[in-house]
Structures are given as C-alpha cells and as structure tokens.
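The block underneath contains the structure these notes are about, expressed in structure tokens.
FYI, it's all coordinate maths here, none of it is from the lab. All values reported here derive from a predicted model rather than from experimental measurement. For neighbour counting, all protein chains shown are included, and Cβ atoms are generated from backbone atoms with ideal geometry for every residue, glycine included.
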Amino acid sequence: MKPKKIPMRMCLGCNEMKPKKELIRVVRSPEGDISLDFKGKAAGRGAYICHSTECLEKARKARRFEKSFSCRIEESVYEVMMNELGKTPQDL
C-alpha cells in the first residue's frame, strides 16, 4: 500500500511549509468577510497561518493577507483575528 499523502501549506507569517492540520485557515468569504476558520471547511478563498501571534503580526506587517486576498483589510479585522488566535480552538 502507498503511504497516505500529507497536504502541506505555507504559513504566511514565517513562510514555512507545514502539514495543513497544524495551521489555521484564514478565509475570505464570497461576501468579502475575513475571519479565522479553525475547522477548515468555510467557503471562500483561504490562506494559512501558524497558531502563533508572531506569525500573524509578521503577515500583517508585510501585507501578505492583502496580497493573497487581493483586497484591503481593515485594522479592526486584524484585532479580531488576534483576539481569536489568543483563544484555543476548544474555547470556540
């Protein structure tokens, strides 16, 4: 039997390739709302980030989310994402 392939994704903060299950998906919905998707099932364009606030801050400073989603992102959206990232996925 062939070994099961593990999907890899790149973190926008640290630019490291990691298994998809170790990262958090940031999704831009068809309506244009941007949020964290802990389950990885929400509809829309996705980008991935590590579980650390440092990676979120690096991606924010380099405007990598804006480049990935091709839209302007408000500071309030980053604040909400930072607060959600501070919680554990079990809290949600």
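Some observations on this one:
- Meets criteria (under 18 Å from residue 11 (Cα atoms) and out of contact with any strand residue (DSSP E or B) (no Cβ under 7 Å at 6 or more places or on another chain)) for residue 78: yes
- Failed condition for residue 35, given (1) touching a Ser or Thr at 6+ places or on another chain (Cβ under 9 Å); (2) among the polar types (S, T, N, Q); (3) farther than 18 Å from residue 9 by Cβ: (3)
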